[in-house]
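Working notes, beginning with the structure itself.
The values are calculated or read from the model by the stated rules, or taken from the named source; none is laboratory data. Small disclaimer: the values here were computed from a predicted structure and weren't measured. All Cβ positions, glycine included, derive from the backbone under ideal geometry; neighbour counts span all protein chains shown. These accessible areas exclude ligands, DNA and RNA; they are computed on the full protein's heavy atoms, side chains included. Shrake-Rupley method; radii C 1.70, N 1.55, O 1.52, S 1.80 Å.
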Amino acid sequence: MTASFVYDAVRTPFGRFGKGLAGVRPDDLAASTLSALLARHSDLDPARIDDVIVGDANQAGEDNRNVARMAVLLAGLPTSVPGSTVNRLCGSSVESVIQASRAIETGDASIVVAGGVESMSRAPWVTLKPDKPYSAAPATMHSTTLGWRMVNPAMPTQWTVALGETAEILADRYGISRDAQDEFALRSHRQASEAWEAGRYDAEIVTVPGTTPTRDEGIRADTSLEALGALKPAFRPAGSVTAGNSSPLNDGASMLLIGGEGALPGEPLARITGRGASGIDPDVFGIAPVEAANRALARAGRTWADVDIVELNEAFASQSLACLGLWPDLDPDKVNVDGGAIALGHPLGASGGRIIGHLAHALEARGGGIGVAAICIGVGQGLAVVLER
């Protein structure tokens, strides 16, 4: 067994739904981000890349037919470079990094590009084929932007509630108030804005050709508790989960260069030392990262006391706070120090690459340490990765 390392990581600015990146096809988003990553490594012959693994949660529109392979071809890589698309919903690009690291550690590959892409703006409407040919009956159109659709009737109804309702369930179960959720959301925006101003995202951002965004479009540096408190509940009439304390809909892509020891010149950003996956009831999927991260740390031979920094994807404030409450040995000040998805955005397939990539760059910037990247996944799963430098 050899070790696997993150040598580099890039991502696009995350665009708001229908805004700065909405005019770009997801296969082009992936291709331009892949090209930008490799342009930073002119000494790497692309023919040496053993695989390109891309996470994508939708795949019902322009990202159909293996968007990873499409990205390889559109980016002009040699046709000898293969590509595989994986789907673990919100955790898709964490899954791609996990698969890449396993391939390297088992000797199946030396260099792999792993990442993710999502255009929630361009997610198509779909309809089922009629049961009978030549049907004249009206058809139901289903949005593929987010959440459950065309649900199997055998699935228990308590599992198929709206994603926002699951956040309300967690708020009730763990006694998380509206004020606590709004305060968490405010911190996310403030930390993200401060990090951008301080240049802590500069090392990882690559712009998309033909578009204007140079920063994440969702950050509201001027928001306040008063503004967040004025928003109406989004999922229950008397609920506590709002658009302001939830992650938004976004577009974006992320790519990481993963390799074995000595596979590329220069010092890697971080070593991948632990991986963890977990499952839980779908209606409380938001706390699935708890066990996933615990398992990843155990496999790395570490505990929460060893951890210096954490990137936890913020699907909802209530979900994030529930996870923090279930990690009693983790100092919450170590979590999302540069903001999280409530501010930065959550383009489903790309978010895992964002949290792992930023964690790797953050470990380099601080001169070393141990970090955890963790993410919740709809339908009741969680993933986590441990990085060390």
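Worth a mention:
- Remark: the Cα gyration tensor places region 145-260 in the oblate category, a/c being 1.5 or greater and a/b not exceeding b/c.
- 20 °C / 1.002 mPa s Stokes-Einstein diffusion coefficient of region 121-196, Kirkwood radius on C-alpha pairs, µm²/s: 129
- Region 100-191, accessible surface, carbon-and-sulfur percent (1.4 angstrom probe): 54
- For region 243-389, average projected area of the Cα convex hull in nm²: 8.6
- With all protein chains in place and ligands, DNA and RNA left out, the 1.4 Å accessible area ranks ASP306, ASP283, ASP202 as ASP202, ASP306, ASP283, largest first.
- Surface exposure of region 176-304, expressed per residue as accessible area with a 1.4 Å probe, stands at 44 Å².
- Carbon-plus-sulfur accessible fraction, region 1-75 (probe radius 1.4 Å, protein heavy atoms only): 47%.
- Extreme residue, positive dipole direction of the chain, given options GLY23, ALA47, VAL126 (C-beta unit charges): VAL126
- Rolling a 1.4 angstrom probe over the protein heavy atoms with all chains in place gives region 1-59 an accessible area of 35 Å² per residue.
- Calculated FRET efficiency, VAL126 to ASP222, Cβ-Cβ distance, R0 = 51 Å: about 0.85 to the nearest 0.05.
- Largest first and in whole Å, the equivalent-ellipsoid semi-axes of region 1-158 read 33, 18, 15, each the square root of five times a Cα gyration tensor eigenvalue.
- Dipole of region 206-328 computed with +1 at Lys/Arg Cβ and -1 at Asp/Glu Cβ about the Cα centre; of ASN245, LEU225, ILE287, farthest Cα towards the positive end is ILE287.
- Here the accessible area of region 205-333 is 49 percent carbon and sulfur, with a 1.4 angstrom probe and all protein chains present.
- The calculated 222 nm mean residue ellipticity attributable to helices in the chain amounts to -9000 deg cm²/dmol, summing -39500 (n - 2.57) over DSSP H runs of n ≥ 4 and dividing by all residues.
- Global size of region 22-98: 12.1, 36 Å for Rg and Dmax (C-alpha atoms, Rg to one decimal, Dmax whole).
- On the principal axes of its alpha carbon atoms, region 232-271 extends 57, 20, 12 Å, with the longest extent given first.
- Residue with peak Gaussian network fluctuation, the chain [Cα springs, cutoff 10 Å], from ILE169, ILE258, ILE272: ILE169
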